[in-house]
Amino acid sequence: MAERPLSPHITVYRWAYTMTLSILHRISGVALAVALLGFVLWLVSASLGADAYARILPLLIGVPAKLLMALAVAALIYHLCNGLRHLAWDLGWGFERADARRSAALVIAASLIAAAVCIYLIFRPGAGIA
Amino acid sequence: MSLRAPLARALHHGTARDGVGHWLIQRVTAAALAPLAIWLLFALLWLPAADYASVSRWIGAGVHPVLLALTVLIGAWHAWLGVQVVIEDYVHGFLPKTIALLCSLFVHVLLASSGVYAVLRIALRSAA
């Protein structure tokens with residue numbers, strides 16, 4: 001079983017900025033798996049009753065928590081936008097190099113705008129959970 | 001009819017015959033998660049307060065428990081498939097890879113089951 005082909009032989013290719021989007025998709029995906037862990041912990045502590053929830057509440061409302069939420073939200077928005085790009089590819093759309101580069105630019109622009117709006121909402125005065 | 005030699009099959013060379021299933025489920029869960037994620041993002045950003053009463057009321061209200069349970073379940077499923085690919089690409093050696101894959105499976109199943117259980121518990125409590 002030793003000599004099987006290994007998949008990411010990325011170092012042999014000249015760098016193209018679409019590759020950055022590809023690796024960011026993986027990084028944001030792994031980050032979202034961690035965020036899911038945090039989200040489930042939040043649900044579980046709410047299910048354990050008012051006392052248990054009151055103990056974790058301070059962790060939710062500090063600035064470090066908001067920074068983590070901002071990261072998770074940015075990861076979610078990017079992974080969602082680029083994921084839709086992947087789904088379009090899987091349907092056979094936009095696979096030409098020029099199209100892939102255009103959609104990459106679109107994903108970056110859309111993610112930056114949406115993430116900026118959401119991060120403002122997280123840090124706005126009087127924000128609820130976020 | 002298979003053109004592969006019996007020895008190749010015994011040594012686990014070539015296709016495991018479920019690669020398309022993995023690929024397809026990753027896409028199907030992605031398509032299901034897209035609207036759920038947008039809903040959850042907006043809902044959490046507009047949640048009025050983070051205290052116990054408002055949070056448990058929001059979790060138990062209307063269709064929220066159904067959507068939350070679906071998000072956690074499909075999210076954990078999609079995350080498991082994605083983390084599996086990452087482990088297969090970056091963790092080398094049979095034993096470390098197998099241990100990492102098993103740990104990932106167990107953690108994701110634990111996440112899905114405890115998340116769904118928590119949502120149900122809150123929803124049934126606020127319904128009672």
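The values are calculated or read from the model by the stated rules, or taken from the named source; none is laboratory data. No experiment lies behind these values; they were computed from the predicted model shown. We place every Cβ from the backbone using ideal geometry, glycine too, and count neighbours over all the protein chains shown.
Below are the figures for this structure:
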{"quantity": "Residue in the stretch B:87-110 that is crowded, with 21+ Cβ neighbours inside 10 Å and under 16 Å from residue A:39 (Cβ atoms) present", "calculated": "yes"}
{"quantity": "Matching residues, the stretch A:1-60, being polar (S, T, N, Q) and modelled with pLDDT under 95", "calculated": "A:7, A:11, A:18, A:20, A:22"}
{"quantity": "Members of the stretch A:79-130 that are of a type in the set (D, E, K, R), outside any helix (DSSP H, G or I) and away from every other protein chain (no Cβ under 11 Å)", "calculated": "A:96"}
{"quantity": "Residue A:109, sole failed condition from (1) surrounded by 14 or more Cβ atoms within 10 Å (Cβ to Cβ); (2) of a type in the set (Gly, Ala, Ser); (3) out of contact with any helix residue (DSSP H, G or I) (no Cβ under 9 Å at 6 or more places or on another chain)", "calculated": "(1)"}
{"quantity": "Per-region count, the stretch A:55-72, residues more than 7 Å from chain B (Cβ to nearest Cβ) and touching a helix residue (DSSP H, G or I) at 6+ places or on another chain (Cβ under 8 Å)", "calculated": "10"}
{"quantity": "Scan of the stretch B:51-74 for residues that are modelled with pLDDT of 95 or more and of a type in the set (Ser, Thr, Tyr), ordered by number", "calculated": "B:71"}
{"quantity": "Any chance residue A:121 is under 25 Å from residue B:77 (Cβ atoms), surrounded by 16 or more Cβ atoms within 10 Å (Cβ to Cβ) and more than 14 Å from the chain's Cα centre (by Cα)", "calculated": "no"}
{"quantity": "Flag if residue B:113 is surrounded by fewer than 21 Cβ atoms within 10 Å (Cβ to Cβ), hydroxyl-bearing (Ser, Thr, Tyr) and without any contact (Cβ under 8 Å) to a residue 60 or more places away in the chain", "calculated": "yes"}
{"quantity": "Extreme residue, nearest to residue B:77 (Cα to Cα), among residues of the stretch A:37-54 that are facing chain B (nearest Cβ under 7 Å) and surrounded by fewer than 21 Cβ atoms within 10 Å (Cβ to Cβ)", "calculated": "A:37"}
